Structures are given as structure tokens and as C-alpha cells.
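For reference, the structure is listed below as C-alpha cells.
The values are calculated or read from the model by the stated rules, or taken from the named source; none is laboratory data. All values reported here derive from a predicted model rather than from experimental measurement. Quick reminder, even Gly has a Cβ in these numbers, built from the backbone with ideal geometry, and neighbours come from all protein chains shown. The accessibility values were calculated without ligands, DNA or RNA, using every heavy atom of the protein model including side chains. Shrake-Rupley method; radii C 1.70, N 1.55, O 1.52, S 1.80 Å.
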Amino acid sequence: MTSDHAILRGIRDSSLKNVAQKVLNGQRLNIEDGLLLYTTNDLSSLGSLANHVRLRKHGLKTFYVHSRRLSYTNICYTHCQFCAFQAKPGDPRAYVLTAEDIIKDLSSDVNKGVRELHMVAGHYPKLKIDYFEDLFIKIKQKFPDIHLKVFTMVEMDYYARVSGISIEEFLDRCIAAGLESCPGGGAEIFDEEIRQKICIGKKDAEIWLNNARICHKKGLKTNCTMLYGHIEKPLHKIDHLNRLRTLQDETNGFLAYIPLAYQIEDNELGRTYPIRETTGYADLREIAVARLFLDNIPHIKAYWVMITEGLAQVALSFGANDLDGTIIQEEIAHNAGAKTPQMLTKQRLQDLISSAGYIPSERDHLYREYAQPSAAI
Ligand code: V47
């Protein structure tokens, strides 16, 4: 690891020296420090500090998971301006999958050896708790080793409400049927003013955070995200990260944080505002800021689907320690213009990690390493 002295000497922006010293001392950064991280143009210093923390926490180990994405419906009654995936009833693209459709799909060859099924979908009032119980039970009967990672904090709120039961009862019943963890989507930006512009009418930040709190108290680990690269400002992002960090101090239930780079095509937000796609510079900054500011969230993912494989690989030296995974059949980012492949093989992930000088490790949802890698693809 580079010595503290060498890191301090390499810092070009002298206003970062104090923050750098705090990072090297292992002290927590405050909001003002966070804002500095967002406003400096000294990206290489952010990178070397973030990499220093990454090496301190994880060494060279870099995780990935063999994962399948699936959305049981694209019908959505919520109006998120950034979403290109949603369809309204009557739209020729609209679909709802039955448990049988999903089992059939999961039985196909491409899913061989998949360890994790990551499901998020639209908000469709005809799907109620019994649909999810039946679905989870059937998936677990047929594929007992597949881990079920389902529902954003906003989705679970919606489906508990349309089922006429409390969020606690909804979760208890889903857990009994096979739910094992939850993905981090739906957080967008917590600031209410921005939220009202990018996802009018979506449940507010307090509901997202409180549902995460409820999950964590029930022992369900979850992830967390932030959607960046649209109309937000640095203050909104630091406020968002600070709220995640505060909840993590209380519950320790977040496993990973994933910055989500806004994809601009085929959605209302991209048509309304003159937004350009995020730059590599901005994407690397998000990873580094996350590693430095979120001192209590262990894993930072570079989500190659949204920032490209090449940049995700570079992000491993800017604080990221997880490349997410194979991600078979992702739809949300690809519908909004992501030009990345529909999946990466495990071999490709391992090569990306090794050729950058890190050590690949296939993980499960709790970041336990598998002694034997899953079936080769
Ligand atoms: O909830 C929607 C966001 C999320 C766009 O937990 C968009 O391991 C960018 O949550 N541009 C889904 N983002 C993705 C997600 C996720 C991804 C990777 C890992 C994990 C995890 C979770 O994507 C949605 C929404 O917040 N989103 N539209 C868009 N145009």
C-alpha cells in the first residue's frame, strides 16, 4: 500500500489536504468534507485516497455474483420520469408473468448455476401478497439454491398497501415463502424538491428509509443506491449519502451501495431537461466519494451495466470492491439506452478483475465466498 506520506504528497488540490489527513487517520468525514469531494477537480487524489481505504478494508479481493435479473411485470402506476421500462395497461409492451412463466424461464440453459435471482418490477395493483407467496414458494421448490433478492423499499410499500396489510405482515409472509434479501433501488435522490421533479408522487425518502429499517430489524439485508447524473446538485448527493450513513449507524443492515448513472434515452426526464449522459470522470468520482464518505457500508459496487465494463474495471482502483455480477437479462438500464452487453460471463468478470491487478472471488448474497465457483459460463 502507498505510504500516507506519499499519498499526501501526491495531492494537487491543497484544499483536500485536511480531508486527506482525516481519511488517513480513519476519521469520519462531515458534510463539508463531502462537498469538497464533489467539487474538487483533483480526481486522481480522490482515487488514491479511496483506493487506500478500499485496500485497507478488502485488500485486493474483488467480488462478483452469478446473477439473473427478472421483472415479473413492467406495468406501473407510478410516474418516474427517468424510467423507460414502465408500461401503462393497454400498452402493447405491457406484460405480467405467471409463476409458471418464471419457472420455465429459469429452467433455460442460460441460467445454469445462477446463485441469485434479483427481481424488481412495476407497481401493478392486481398483484397482491398471494401472488408473491405462490411465486416464491414455487421458485424455491424448483430451485432451492437460488437466493431470492426481491423488492425495492418502494415496491414493498406499494404491494403491502394494495394487499391491505402492514409492511411487517407483508415481509413476514414473503420471508416465510422464501424472500432472503432486498435490492437497493427506488431510492433515487432523497431530497424532496428533486424527488418531486424526477419521480412525482413517489413515496418520500422517509418511507424508503423506514422500510429499510424494518427490513434490517427483521434480519433482511438490503442494498442502497443513488440515481445521479440528472438535475441533482452536490448538496443533494451528500445529503442522500448522509441519510444512508446515519441509518447504517443505527441498523448495520446495508451490505452494498451502488451509485446508478442516469441513462437518458426513452424517458420523460431525458426529454424534458438538457441532460447529457454521465462522463467517466463523474462516474469515477461517485465511486470514490462513496468509498470515502460511506465509511460504514462495507461494499461499493461498480455497476458495469450503467458505466460500461471498461470503466467499472478502472473503478476497482477508485474504491469499488464489487463488480456486481453476470447480470443476465437486465432491462431497466438497457431500455433507457445502456449500450452494455446483456450479460457478462464469469470468465469475463474474472479477467476484468485479474487484469486490473485484483483477486476475483465469487460470492453469495452475504458476501460469503464459494469454495467452488458455480457452473462455468
Ligand atoms: O430502482 C430506473 C434506477 C433502479 C433508470 O441492489 C435508473 O444490488 C439509471 O436498483 N437510469 C434499478 N437508473 C437498479 C437497481 C440496482 C442495480 C444494481 C444493483 C442493485 C443491487 C440494484 O434503477 C431503479 C431506479 O432507481 N433506474 N431508470 C435510468 N433511466
- Query: Of the residues F132, F190, which is more than 15 Å from the ligand (Cβ to nearest atom), touching a helix residue (DSSP H, G or I) at 6+ places or on another chain (Cβ under 8 Å), among the aromatic types (F, W, Y) and modelled with pLDDT of 95 or more?
  - Reply: F132
- part of a loop (DSSP other than H, G, I, E, B) and closer than 28 Å to I200 by Cβ: does that describe E277? yes
- What residue, of F143, F85, is open to solvent by less than 20 Å² (accessible area, probe 1.4 Å) and aromatic (F, W, Y)? F85
- Please state which of the following conditions R12 fails to meet, knowing it meets all the rest: (1) over 28 Å from the mean Cα position of the chain (by Cα); (2) assigned to a helix (DSSP H, G or I); (3) touching a residue at least 24 places away in the same chain (Cβ under 8 Å). (2)
- Item | Residue match in region 124-134 (condition: in a loop (DSSP other than H, G, I, E, B) and in contact with a strand residue (DSSP E or B) (Cβ under 6 Å, 6 or more places away or on another chain)) | yes
- Task: Test I264 against the stated conditions and say whether it is on the phi < 0 side of the Ramachandran plot, touching a residue at least 24 places away in the same chain (Cβ under 8 Å), β-branched (V, I, T) and part of a strand (DSSP E or B).
- Result: no
- Query: Checking Y77 against (1) within 26 Å of L366 (Cα to Cα); (2) open to solvent by 40 Å² or more (accessible area, probe 1.4 Å); (3) within 16 Å of the ligand (Cβ to nearest atom); (4) hydroxyl-bearing (S, T, Y), which single condition isn't satisfied?
  - Reply: (1)
- Query: Considering A333, A320, A371, which residue is within 15 Å of the ligand (Cβ to nearest atom) and either assigned to a helix (DSSP H, G or I) or at pLDDT below 95 (or both)?
  - Reply: A333
- Item | Of all residues in region 173-206 being under 25 Å from R271 (Cβ atoms) and of a type in the set (V, I, T), the one that is most open to solvent (accessible area, probe 1.4 Å) | I200
